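This report concerns only the one structure given below.
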Amino acid sequence: MIKKFLMTPGPTQVPPQVLSAMARPIIHHRTGEYSELFARVNENLKYVYQTENDVLSFASSGTGAMESAVINLCSPGDRVLVAACGKFGERWRDLAAAYGLDAEYHEYEYGQPVDPDDIARSLEADPHIKVVFVTHSETSTGVVNDMQAIGAAVEDHDAVLVTDSISGMGSAEIRTDAWQVDVVVAGSQKALMIPPGLAFVSVSDKAWALAEKARLPRFYFDWLKARKGLQQAQPTTAFTPAVSLMVGLDAALGLIREEGLENLFRRHIVMGRACRAAIKGMGLELFSPDDDSSSSVTAVRLPEGIEDGRLRSLTRDRFGVQFAGGQGPVKGKIIRIGHCGYYNYTDIIVAIAALELALKELGHPVELGSGIKAAELIFGEETV
Ligand SMILES: Cc1ncc(COP(=O)(O)O)c(C=O)c1O
């Protein structure tokens, strides 16, 4: 019998309270009962987002909400800026290309963050840039970009700042309003602790002003339609919502409210610290930054002679622990341990034990218990 532990940065483990809420009989979405739930979910999303802006929900994966930002903010041929430091930053570039936008593209090496000064310089030099697209938590490398500094770089310009916080929302703090981030995209299957299938987007007044003028074609992902639904006395959605996922989200957001944002972010920081200490303790090298910004994902360089596929199959098939591999230029060179969402002491210990055992079996000279001990030392000092 194998007991499965999902340690990937999406999808992530789902709390039993959420699973049992989603198993309840389906309710109809054009009812007071659903509107009440939807209103509560919207308020609680604003709490996690730390915003007074509208937060729109779509039944789609995270990329759907990213695409919604492009089509609701841009007109054909618009000048935009994309700053990418990994696989998901490249998705903004690909979306801009798919819609024929004129993109200035800043590319940073995998493992490096976006430099906010580069964004400031580009906006100074080119006042025609309408939208800046950047990733908050770059899941492919574990780098978390400094959205406060990027927000400050954009704030005095007409450009609207859009960020993908699909793996950051609820694990790497983003203060949407305080940091002047106009549009923040999130997804359900990471720190929001529900299965894949929902995506969210917050929209500031500055972004609404642009959306009202933007001319790229849109239908399902039309923000104006979504806002109209939110503004009803009994809030609703333009199209049939993913009812069971929304019921799960209601339960998950209830858990987040109960824990409180301060504790939530602190728990993630401690899990990141323990994971990094364990990796170094077993003699491996980190790929993600060795600081508290890496609270969602720990990326680890594969030691010489260890093959990614064999290592991850072994941890999964023998010990039930699923890690993620590298993407793009770091495919086969790193593995990624996800700890965004429903993760605590035991998950880290189990993940590290599986990694030690699998490495040992593959012939890597690892001392069993060395990583676990390092994680335990962190947990001994840092209660969450
Ligand atoms: C930062 C980031 N952006 C975008 C995506 C794509 O989201 P989805 O696969 O839900 O469309 C992911 C998923 O891993 C992600 O982590």
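Do you know which residues across segment 296-347 are within 20 Å of Thr141 (Cβ to Cβ), assigned to a helix (DSSP H, G or I) and under 23 Å from the mean Cα position of the chain (by Cα)?
Once the filter is applied, which keeps residues that are within 20 Å of Thr141 (Cβ to Cβ), assigned to a helix (DSSP H, G or I) and under 23 Å from the mean Cα position of the chain (by Cα), segment 296-347 yields Arg312, Gly328, Pro329, Val330.
So in segment 361-372, with the set limited to residues that are touching an Asp or Glu at 6+ places or on another chain (Cβ under 9 Å) and in a helix (DSSP H, G or I), which one is surrounded by the fewest Cβ atoms within 10 Å (Cβ to Cβ)?
Among those that are touching an Asp or Glu at 6+ places or on another chain (Cβ under 9 Å) and in a helix (DSSP H, G or I), it is Ser370.
Does segment 164-185 contain at least one residue that is touching a strand residue (DSSP E or B) at 6+ places or on another chain (Cβ under 9 Å), assigned by TED's automatic domain parsing to the domain that holds Trp92, outside any loop (DSSP other than H, G, I, E, B) and without any contact (Cβ under 8 Å) to a residue 60 or more places away in the chain?
no
I'd like to verify a number: residues in segment 37-66 that are acidic (Asp, Glu) and either touching a residue at least 60 places away in the same chain (Cβ under 8 Å) or in contact with a strand residue (DSSP E or B) (Cβ under 8 Å, 6 or more places away or on another chain) (or both), how many?
Keep residues of segment 37-66 that are acidic (Asp, Glu), which gives 43, 52, 54.
Those still in the list that are either touching a residue at least 60 places away in the same chain (Cβ under 8 Å) or in contact with a strand residue (DSSP E or B) (Cβ under 8 Å, 6 or more places away or on another chain) (or both) too: 52, 54.
So the count comes out to 2.
Looking only at residues that are of a type in the set (S, T, N, Q) and in contact with a His (Cβ under 9 Å, 6 or more places away or on another chain) in segment 120-150, which one is farthest from Glu173 (Cα to Cα)? So that I can check it myself, show each step before the final result.
Step one: filter segment 120-150 for residues of a type in the set (S, T, N, Q), giving 122, 135, 137, 139-141, 145, 148.
If we keep only those that are in contact with a His (Cβ under 9 Å, 6 or more places away or on another chain) as well, we get 122, 145.
Working: Ser122: 26, Asn145: 11 Å.
Of everything passing the filter in segment 120-150, Ser122 is farthest from Glu173 (Cα to Cα).
Considering segment 252-294 alone, what residues qualify as being without any contact (Cβ under 8 Å) to a residue 24 or more places away in the chain and either more than 16 Å from Ile352 (Cα to Cα) or among the aromatic types (Phe, Trp, Tyr) (or both)?
Glu258, Glu259, Gly260, Glu262, Asp290, Asp291, Asp292
On the given criteria, is Lys225 more than 12 Å from the ligand (Cβ to nearest atom), at pLDDT 95 or above and touching an Asp or Glu at 6+ places or on another chain (Cβ under 9 Å)? Please lay out each step first, then the result.
Numbers: more than 12 Å from the ligand (Cβ to nearest atom): yes; at pLDDT 95 or above: yes; touching an Asp or Glu at 6+ places or on another chain (Cβ under 9 Å): no.
Spelling it out, it is not the case that Lys225 is more than 12 Å from the ligand (Cβ to nearest atom), at pLDDT 95 or above and touching an Asp or Glu at 6+ places or on another chain (Cβ under 9 Å).
Looking at segment 263-286 only, could you name the residues that are over 13 Å from Ile378 (Cβ atoms) and more than 18 Å from the chain's Cα centre (by Cα)?
Across segment 263-286, the qualifying residues are Asn263, Met282, Gly283, Leu284, Glu285, Leu286.
Within segment 293-305, track down each residue that is of a type outside the set (S, T, N, Q) and surrounded by 16 or more Cβ atoms within 10 Å (Cβ to Cβ). Can you show your working first?
Filtering segment 293-305 down to residues of a type outside the set (S, T, N, Q) leaves 297, 299-305.
Listed by number, the residues that qualify are Val297, Ala299, Val300, Arg301, Leu302, Pro303.
State the number of residues belonging to segment 174-202 that are crowded, with 24+ Cβ neighbours inside 10 Å, more than 17 Å from Leu56 (Cβ to Cβ) and more than 13 Å from the ligand (Cβ to nearest atom).
1
Can you name the residue in segment 193-208 that is of a type outside the set (Gly, Ala, Ser) and in contact with a strand residue (DSSP E or B) (Cβ under 7 Å, 6 or more places away or on another chain) and is also farthest from Ala65 (Cα to Cα) among such residues?
This residue is Lys206.
The values are calculated or read from the model by the stated rules, or taken from the named source; none is laboratory data. Just so we're clear, the structure is a prediction, and the values are computed from it rather than from any experiment. Glycine also receives a Cβ, built like all others from the backbone with ideal geometry; neighbour counts cover every protein chain displayed.
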